[in-house]
Every structure is written in C-alpha cells, then in structure tokens.
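Encoded as structure tokens, the structure appears first; notes follow it.
The values are calculated or read from the model by the stated rules, or taken from the named source; none is laboratory data. This one's a predicted model, so the numbers in the text were calculated from it and none came from an experiment. Cβ: placed from backbone, ideal geometry, glycine included. Neighbour counts: every protein chain shown. The accessibility values were calculated without ligands, DNA or RNA, using every heavy atom of the protein model including side chains. Shrake-Rupley method; radii C 1.70, N 1.55, O 1.52, S 1.80 Å.
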Amino acid sequence: MLEAFTTGNFDVYDEVLAPDFVDHDPQSPFAGARRGPQLMRATAILYRTAFPDLVVVIEAQYEAGDVIITRWTVSGTQTGGLPGLPPTRKRVAVSGVQIDRFKDDTIVESWRYWDTLGMLQQLGAVPTPRAPTD
C-alpha cells in the first residue's frame, strides 16, 4: 500500500483495501469523512501533489497474526501546496510507523504515526527549538 505513494498507481488501493477500510491517521484531513479505497486515494493524491518526487522507503516490516507493522521513511520536495501551507520548495525526510490489520487478504484498518512536527519544521512552518545559551 505504501508503494502507491511512490509510484502514483492509486488503483492498487482497490485491490488491497476493504470497501469499508478505516484509516486511523490522526493527521489525515480525510479520516472520519471517508472510508474505503477512496480515503487512501485522496490522502495519496494530496501528498503526491505537494511532493511530486515523493519516495517511500520501507525500513522494516514485522508480522503478527493478522497485523503487519511497517517502519518507513518518506522524502520529497514540497513544490505543491498542503492545507494551510503554500509550496516551500524545501526537501523533507520524515519517518513513521504504520500498522495494518488484514481480513481475507485485504487491509481493513490502518494506524499511522509519523513525524508531522518534524516535517513542518523542515518546511519552515514551525520553528525548530534551539538549545538555551549560557
């Protein structure tokens, strides 16, 4: 599923996500408003539009029963706008973890936790804390 962010092939969501798929990403502007493959398609389009050169690297994966946990890093240059943030032309690298729960070979739920603050700091939208000077 993460590969679609890199390739831009959003049709894969119709194959791997259940029709009633639920996304629990607290940073998603679409979570709660949409369900199913169209939810991830809208999310991927938002970020691929903002970061057209976006690349996802899967750092590690772990399986436990009906759950797969993926640790990933994304990088890209923000040449398109994000909600409330015009293009900055800055390059970012952001890490995160995704937990996918499967049923009948499709993903029915995902939880994603990623360094949103770090991304906003790299884009200059939020100040980076400085160590106090003595």
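Tallying residues that are at pLDDT below 95 and of a type in the set (Phe, Trp, Tyr) within region 45-89 yields 1.
Being in contact (Cβ under 8 Å) with a residue 12 or more places away in the chain and open to solvent by 70 Å² or more (accessible area, probe 1.4 Å): is that true of ARG130 here? No. Just one of (1) of a type in the set (D, E, K, R); (2) in contact with a Ser or Thr (Cβ under 9 Å, 6 or more places away or on another chain); (3) farther than 17 Å from ILE99 by Cα fails for ARG41. It is (2). The single condition from (1) under 20 Å from ASN9 (Cβ atoms); (2) modelled with pLDDT of 95 or more; (3) of a type in the set (Asp, Glu) that ASP105 fails is (2).
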